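Notes for the one structure printed next.
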Amino acid sequence: MARFLIVEARFYDHLNDMLIAGAKAALQKAGHEVEVLTVPGALEIPGAISLAAESGQFDGFVAIGVVIRGETYHFEIVAGESARGIMALTMDGIPIGNGILTVENEQQAIVRADPAQKNKGGEAAEAALSLLDLQGRFAG
């Protein structure tokens, strides 16, 4: 049994609740422990995962959040930099599933977040599980 930390940027409560439900269900179905940590925004997710990984308390991570395009360039920065930070950590060998939705509108987010529809939270958890398996395979 592994320990997973879901790190969420809780900006849209109802959307995050669906993403977390999907992620938790996938991790618990696989027999793993799950804890949830909330950070202010998507830009803080990679930093929180890095700190938690250094603690050695967790075996894998799932990033959860929703970034909806607005009227300014801020969307591009948040979407790109949060993904870049997560990818950098993954390249360092930390098993992370990226469930940060970057969408045009709330309707797109609902379809992707809902476990009964696209279940992107569950998919992110499954990606983290796959990376953890690969880590074990290549570790020795």
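Structure notes:
- Candidates in region 1-43 are the residues that are part of a strand (DSSP E or B) and without any contact (Cβ under 8 Å) to a residue 40 or more places away in the chain; of these, the one that is farthest from Ala125 (Cα to Cα) is Val39.
- Cβ-Cβ contacts under 8 Å between residues 6 or more apart (or on different chains), taken from a first residue in region 65-77 that is within 26 Å of Gly22 (Cα to Cα) and open to solvent by less than 70 Å² (accessible area, probe 1.4 Å) to a second residue that is in a loop (DSSP other than H, G, I, E, B) and of a type in the set (Gly, Ala, Ser), are listed as Gly65/Gly41.
- Given (1) under 18 Å from Ala127 (Cβ atoms); (2) basic (Lys, Arg); (3) out of contact with any Leu (no Cβ under 8 Å at 6 or more places or on another chain), number of the condition Arg69 does not satisfy: (1)
Here's the yes/no breakdown for (1) assigned to a strand (DSSP E or B); (2) open to solvent by 50 Å² or more (accessible area, probe 1.4 Å); (3) without any contact (Cβ under 8 Å) to a residue 60 or more places away in the chain:
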site: Ile45; (1), (2), (3): no, no, yes
site: Ala63; (1), (2), (3): yes, no, no
site: Ile86; (1), (2), (3): no, no, yes
site: Leu89; (1), (2), (3): no, no, yes
site: Asn98; (1), (2), (3): yes, yes, yes
site: Leu101; (1), (2), (3): yes, no, no
site: Val111; (1), (2), (3): no, no, yes
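- Subset of region 10-39 [surrounded by fewer than 19 Cβ atoms within 10 Å (Cβ to Cβ) and more than 24 Å from Asp92 (Cα to Cα)]: Arg10, Phe11, Asp13, His14, Asp17, Ala21, Ala25, Gln28, Lys29, Ala30, Gly31
- Looking across region 8-19, the residues that are closer than 12 Å to Ile100 by Cα and either among the acidic types (Asp, Glu) or touching a helix residue (DSSP H, G or I) at 6+ places or on another chain (Cβ under 6 Å) (or both) come down to Glu8, Ala9, Arg10, Leu15, Leu19.
- Residues being out of contact with any helix residue (DSSP H, G or I) (no Cβ under 8 Å at 6 or more places or on another chain) and small (Gly, Ala, Ser) - total across region 96-127: 2
The values are calculated or read from the model by the stated rules, or taken from the named source; none is laboratory data. The model shown is predicted, which means the values in this text are computed figures rather than measured ones. Note: ideal-geometry Cβ built from the backbone for every residue, glycine included; neighbour counts use all protein chains shown. Remember, those area values only see protein heavy atoms, side chains included, never the ligands or the DNA or RNA. Shrake-Rupley method; radii C 1.70, N 1.55, O 1.52, S 1.80 Å.
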